[in-house]
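This report concerns only the one structure given below.
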Amino acid sequence: MKETVLEVKDLVTTFKSADGPLPAVRGASFSVKKGETLCIVGESGCGKSITALSIMGLLPSNGMIADGSIFFNQRNLAEMSPKQMQKVRGNEVSMIFQEPMTALNPVFTVGFQIREPLMIHLKLSKKQAHMRGIELLKMVGIPSPVERMNQFPHELSGGMRQRVMIAIALSCNPSLLIADEPTTALDVTIQAQIIDLLNDLKEQLDMSMIMITHDMGVVAEIADRVIVMYAGEIIEEGRVEEIFENPQHPYTKGLLASVPNVDDPEFDLKPIAGSMPMLNEQISGCRFHPRCPYAFDKCMEQSPKTFYVTDKQSVRCWLQEEGVEQNGGRRASSL
Amino acid sequence: MAVDEQVLYSVKNVKKHFPVRGGILQRVKNHVKAVDGITLDIYKGETLGVVGESGCGKSTLGRTILGLESLTEGELVFNGNNISNYSSRQLKPYKKEMQMIFQDPYASLNPKQRIGDALEEALIIHTNLSSLERREKVLQLLKEVGLKEEHYERYPHEFSGGQRQRIGIARAISINPSFIVCDEPVSALDVSVQAQVIKLLRDLQEKHGLTYLFVSHDLGVVRHLCNRVLVMYLGQMVELAPVHKLYENPTHPYTEALLSAIPRPTVGRKRERIRLKGDLPSPSNPPTGCPFHTRCPIAKEQCSTEKPAWREIDEGHFIACHER
């Protein structure tokens, strides 16, 4: 068993509003092991990005971690001061964002931005940092890296910018990389290049990765384990094969049935009715029940418990309780 | 989706070049060849998909076909009438027949205008209905796209992304057009909502006998919705085929690479991916010969000098490639 790099327990992240605090993440618990890729899947507004920002300590000023702990290499990130956090961020944990043009500073050269973390965290001299920067650009597959060091972000294409972001994120050999929709803004051919690159680098550097995405195709390509989030809660978790071949939660099933399959012309598209609830919507019981085709009375009254389908796959849905009675062969125990 | 072979819209060698200005006098220094010689027949009742990477000119093609961009060269023939050189007054009856659905419905709705008023606008311009009749028609439209009557009084910011796209669709079909250009209508939406909108588009097509030109970069959606697909690269046609032929038997190396690059939502099956080197070249300075030769895995010397001819390799299946 590999060691655990990150352990998030009962994380609650809230945002200030005129009507009191609004929870964007409602008690999320998960862990990431060394060398593992965990994908967090869900639609916009489900709290997946906020979970990532909570780990990074990068929540906007109106957001705060209200409860729970984030243990990273035995230290609780949730309780660290901003100053302590600065030493961890970009050094041991780093992050890649969706839109590289907004994440890179347009008025500084690529070289300046890649030298910065090396000089701050690793205390390299400017010259050493420059040499290391060139090596890093080479590692992420950027042609003629020496010239690129003196160029500005606007001179690079979208795919190249994302490579620069990856190079900066990996500059201090982080043990955990968080990638928030890193390929959403890119074309398919470039997206394929970036996915291959991330897979290669992860193996090469033996780091853990949390990948946030809404694209089930990307998940299948990259994940070891998958977490499905809905309206701030983790509703299903499991190994990637389990999630794709034996999804249990109606939302996970719906998500998989909503993506048109490229290889199957007869694929029957089944949309999920309705849309993601707003943060301030009060929903009793299961948060998914207004959209769920299988919802029954209990779903409207009580929040579902966690049921284990296998030792790795767990799901929060009352249907599981019934499932035990229907086919007793399946092991289901509540937490 | 039955498609009779009756040509609704014929596009002949259409080009759209945008001037690039520079220097102190803002002289035209160069041209971006966004659309560079597209010849197409769009059949009545079909959905024709246009795919390609960003910057390949697929959106410009859609806009040019609708007359939203002036033509640089070429001919547009709608229902047998050559409308390429028509004045805007002459074009008005044709504009009623052609509508567009945009990618970002929020950007295409006036934030200060009630939804009901936004939907009535097209009716005021193109029909002689009284205000009562218009209101009646708008309420019926709202219902048709899955919205409620009370939405008539609301403003765009009160709607979710999927609902706004439904409004965009309602506006496009309000004056009973026969031809609609859909410019990435679902790419800004979440997957569960995306599927709802795709279903709506398909239902409306069946009900009203609409013809769609469906511009998208999402090859999964295109397979699901389209009858024929055109693949574009740097403003030029690369491959055109009925949807099943294109997906089962992609012939042009670019189409092959594009299809193999899509991440599939299935695990355990390792596929060999064709890796394309580099990025899309700049459309202001396209490569000579075949536009794809700089990234093509099977390019020969001939490809860099000679432009490949557009030829039919199978019934209804056209490609432009020297090697295949």
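The values are calculated or read from the model by the stated rules, or taken from the named source; none is laboratory data. Computed from a predicted model, the values in this text were never measured in an experiment. In this analysis, Cβ positions are derived from the backbone assuming ideal geometry, glycine residues included, and neighbour counts consider all displayed protein chains.
Which of the following residues is of a type outside the set (Val, Ile, Thr), more than 19 Å from A:Met278 (Cα to Cα) and either part of a helix (DSSP H, G or I) or within 11 Å of chain A (Cβ to nearest Cβ) (or both): B:Gln163, B:Gln205, B:Gln194?
B:Gln205
Exactly one of (1) under 16 Å from the mean Cα position of the chain (by Cα); (2) modelled with pLDDT under 95 is unmet by B:Ser87. Its number?
Unmet condition: (1).
When the residues of region B:23-43 are filtered to those that are surrounded by fewer than 18 Cβ atoms within 10 Å (Cβ to Cβ) and in contact (Cβ under 8 Å) with a residue 40 or more places away in the chain, which remaining residue is farthest from the chain's Cα centre (by Cα)?
By that ranking, first place goes to B:Asn30.
Conditions first: (1) over 19 Å from A:Ser175 (Cβ atoms); (2) touching a Cys at 6+ places or on another chain (Cβ under 6 Å). A:Ile234 passes all but one, so which condition is the exception?
For A:Ile234, the failing item is (2).
So for region B:248-270 (the condition being touching a Leu at 6+ places or on another chain (Cβ under 8 Å), surrounded by 22 or more Cβ atoms within 10 Å (Cβ to Cβ), in a helix (DSSP H, G or I) and more than 10 Å from chain A (Cβ to nearest Cβ)), does at least one residue qualify?
Yes, region B:248-270 contains at least one residue that is touching a Leu at 6+ places or on another chain (Cβ under 8 Å), surrounded by 22 or more Cβ atoms within 10 Å (Cβ to Cβ), in a helix (DSSP H, G or I) and more than 10 Å from chain A (Cβ to nearest Cβ).
What are the residues in region B:126-160 that are within 25 Å of the chain's Cα centre (by Cα) and either β-branched (Val, Ile, Thr) or not in a loop (DSSP other than H, G, I, E, B) (or both), if any?
The answer is B:His126, B:Leu141, B:Leu142, B:Glu144, B:Val145, B:Pro156.
So, in region A:199-215, exactly how many residues are surrounded by fewer than 23 Cβ atoms within 10 Å (Cβ to Cβ) and within 14 Å of chain B (Cβ to nearest Cβ)?
Result for region A:199-215: 4.
Restricting the first residue to region A:178-199 and requiring it to be on the phi < 0 side of the Ramachandran plot, which pairs with a second residue that is hydroxyl-bearing (Ser, Thr, Tyr) and part of a loop (DSSP other than H, G, I, E, B) meet a Cβ separation below 6 Å and a spacing of at least six or different chains?
Taking only residues 6 or more apart or on different chains, the pairs are A:Asp187/B:Ser54; A:Gln191/A:Thr183; A:Ile194/A:Thr183.
Select from region B:271-296 the residues that are within 12 Å of chain A (Cβ to nearest Cβ) and out of contact with any Ser or Thr (no Cβ under 9 Å at 6 or more places or on another chain) and list them in ascending order.
Within region B:271-296, B:Ser282, B:Phe292 qualify.
Mind checking which residues of region A:69-97 are more than 22 Å from A:Glu116 (Cα to Cα) and within 18 Å of the chain's Cα centre (by Cα)?
A:Ser69, A:Ile70, A:Phe71, A:Phe72, A:Leu77, A:Ala78
Specify which of the listed residues (A:Ser17, A:Ser49) is part of a loop (DSSP other than H, G, I, E, B), modelled with pLDDT under 95 and of a type in the set (Ser, Thr, Tyr).
Sole residue among the options that is part of a loop (DSSP other than H, G, I, E, B), modelled with pLDDT under 95 and of a type in the set (Ser, Thr, Tyr): A:Ser17.
Give just the number: which of (1) loosely packed, with under 15 Cβ neighbours inside 10 Å; (2) more than 7 Å from chain B (Cβ to nearest Cβ) does A:Pro265 not satisfy?
Exception for A:Pro265: condition (2).
Could you count how many residues in region B:166-190 are over 20 Å from B:Val215 (Cα atoms) and either within 14 Å of another protein chain (Cβ to nearest Cβ) or surrounded by fewer than 21 Cβ atoms within 10 Å (Cβ to Cβ) (or both)?
2
What number of residues within region A:292-307 are in contact (Cβ under 8 Å) with a residue 24 or more places away in the chain and either among the small types (Gly, Ala, Ser) or surrounded by 17 or more Cβ atoms within 10 Å (Cβ to Cβ) (or both)?
Selection size over region A:292-307: 3.
Going by the structure shown, is B:Leu276 more than 22 Å from A:Met216 (Cβ to Cβ), without any contact (Cβ under 8 Å) to a residue 24 or more places away in the chain and buried (at least 18 other Cβ atoms within 10 Å of the Cβ)?
Spelling it out, B:Leu276 is indeed more than 22 Å from A:Met216 (Cβ to Cβ), without any contact (Cβ under 8 Å) to a residue 24 or more places away in the chain and buried (at least 18 other Cβ atoms within 10 Å of the Cβ).
Out of region B:217-228, which residues are within 13 Å of chain A (Cβ to nearest Cβ) and farther than 24 Å from A:Val218 by Cα?
Listed by number, the list holds a single entry, B:Asn227.
Among the residues that make up region A:156-164, is at least one of them in contact with a Gly (Cβ under 6 Å, 6 or more places away or on another chain), touching a residue at least 12 places away in the same chain (Cβ under 8 Å) and on the phi < 0 side of the Ramachandran plot?
no
How many of the residues in region A:269-294 are more than 10 Å from chain B (Cβ to nearest Cβ) and in a loop (DSSP other than H, G, I, E, B)?
Counting residues in region A:269-294 that are more than 10 Å from chain B (Cβ to nearest Cβ) and in a loop (DSSP other than H, G, I, E, B) gives 14.
Just one of B:Ile319, B:Ile313 is in contact with a Ser or Thr (Cβ under 7 Å, 6 or more places away or on another chain), surrounded by 18 or more Cβ atoms within 10 Å (Cβ to Cβ) and not in a loop (DSSP other than H, G, I, E, B); which is it?
Selected residue: B:Ile319, the only one of B:Ile319, B:Ile313 that is in contact with a Ser or Thr (Cβ under 7 Å, 6 or more places away or on another chain), surrounded by 18 or more Cβ atoms within 10 Å (Cβ to Cβ) and not in a loop (DSSP other than H, G, I, E, B).
Which condition breaks for A:Ser44 when tested against (1) at negative phi; (2) surrounded by 19 or more Cβ atoms within 10 Å (Cβ to Cβ); (3) among the small types (Gly, Ala, Ser); (4) within 14 Å of chain B (Cβ to nearest Cβ)?
Failed condition: (2).
I'm checking my understanding of the structure. Among residues of region A:244-262 that are among the aliphatic types (A, V, I, L, M) and within 7 Å of another protein chain (Cβ to nearest Cβ), which one is surrounded by the most Cβ atoms within 10 Å (Cβ to Cβ)?
Only one residue fits best here, namely A:Leu255.
Being within 14 Å of another protein chain (Cβ to nearest Cβ) and either touching a helix residue (DSSP H, G or I) at 6+ places or on another chain (Cβ under 6 Å) or at pLDDT 90 or above (or both) is true for just one of A:Ile234, A:Ile227, A:Ile190. Which residue is that?
It is A:Ile190.
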